[in-house]
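Please read the structure below before turning to the comments.
The values are calculated or read from the model by the stated rules, or taken from the named source; none is laboratory data. Quantities reported herein were computed from a predicted structural model and do not represent experimental measurements. Note that we place each Cβ from the backbone using ideal geometry, even for glycine, and neighbour counts take in every protein chain shown. All accessible areas refer to the heavy atoms of the entire protein, side chains included, with ligands and DNA or RNA removed. Shrake-Rupley method; radii C 1.70, N 1.55, O 1.52, S 1.80 Å.
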Amino acid sequence: MDGVMADTYAKFVTAYEKEFNRVLTQKDLLGKKVYDLDGANHLRDLMYEKGFFRDLQVMDNAPEVLEELYAQHEIFIVTTATEFRHSMRDKWDWMAEHFPFIHHSRMVFCGTKDIVYGDYLLDDKVSNLKVFKGEGLLFSALDNHYDTGFHRLNNWLEVREFFRAERQSEISLLG
């Protein structure tokens, strides 16, 4: 969810720029998390605050593409939520607002994603993809810019095309 459907990265950038009175460039951020920049480690603690996950921006095209895919595939939203006490309620409310078509039984709040089984996992963290038993799909983010080893999808329009192509190849094999 975070970094794929919800733009946590932008929220950290905003917090950094406000506190340090410095505009970050793409060069500053390639291959790094905002809170890994010198002097900014404490920004990671923002995730423990009530409301941090509630007002995140939605990634471009995520609602319409996900609704289309949800109608055609068995999709579960899996999010690491138990480390951050308030995130579970924030994420639940955020999902209800931005993705009301996703049934509560298809949302998984967990502490680690190594419990997840399925055909595909779309995630922005290589560490989650490495422990996944199916095919890992890396959703592009500035901090994973240099990561390799997984099929990379840069945005939700590419996600749509990937699954359209997968669906077509499955149909071709049946025909």
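Points worth noting:
- Helical segments meeting 20 Å axial Cα length and Kyte-Doolittle -0.5 threshold in the chain (DSSP H): 156-174
- The share of accessible area on region 1-151 that comes from carbon and sulfur is 49 percent, using a 1.4 angstrom probe.
- With every protein chain in place and a 1.4 angstrom probe, the accessible-area ranking of ILE115, ILE77, largest first, reads ILE115, ILE77.
- Beta-bridge orientation, the chain: approximately 15 percent antiparallel, per DSSP, counting only bridges with both partners inside.
- Evaluated at q = 0.16, 0.17 Å⁻¹: base-10 log I(q)/I(0), Debye formula over Cα of the chain: -1.04, -1.18
- Rounded to whole Hz, the Karplus (6.51, -1.76, 1.60) HN-Hα couplings of region 130-147, x for glycine and proline: 5, 9, 7, 7, x, 8, x, 10, 8, 7, 4, 8, 4, 6, 9, 3, 9, 6
- Under 5 Å, built H, 5+ apart or other chain: amide partners of ALA6: MET59
- Distant-in-sequence amide H partners of MET107 (H built 1.01 Å from N, under 5 Å): ILE77
- GluC sites (Glu not before Pro) restricted to DSSP loop in region 1-99 with at most 16 other C-beta within 10 Å: GLU49, GLU74, GLU83
- Ignoring the sites themselves, the chain has its longest run without trypsin sites (Lys or Arg not before Pro) in a DSSP loop having at most 16 other Cβ atoms within 10 Å at 86-132.
- Residues whose amide H lies under 5 Å from that of LEU153, counting only those 5 or more places away or on a different chain, are LEU138, PHE139, SER140; hydrogens are built 1.01 Å from N in the peptide plane.
- Where the chain is the region considered: accessible area per residue in Å², 1.4 Å probe: 58 Å²
- Structure-based [θ]222 nm, the chain - -39500 (n - 2.57) summed over DSSP H runs of at least 4, per residue, nearest 500: -11000 deg cm²/dmol
- Along region 36-42 the Karplus relation, 6.51 cos²θ - 1.76 cosθ + 1.60 evaluated at θ = phi - 60°, assigns HN-Hα couplings of 8, 5, 3, x, 10, 3, 5 Hz to successive residues, with x for each Gly and Pro.
- Förster-model FRET efficiency, 30 Å R0, LYS27 and SER127, C-beta, rounded to 0.05: 0.80
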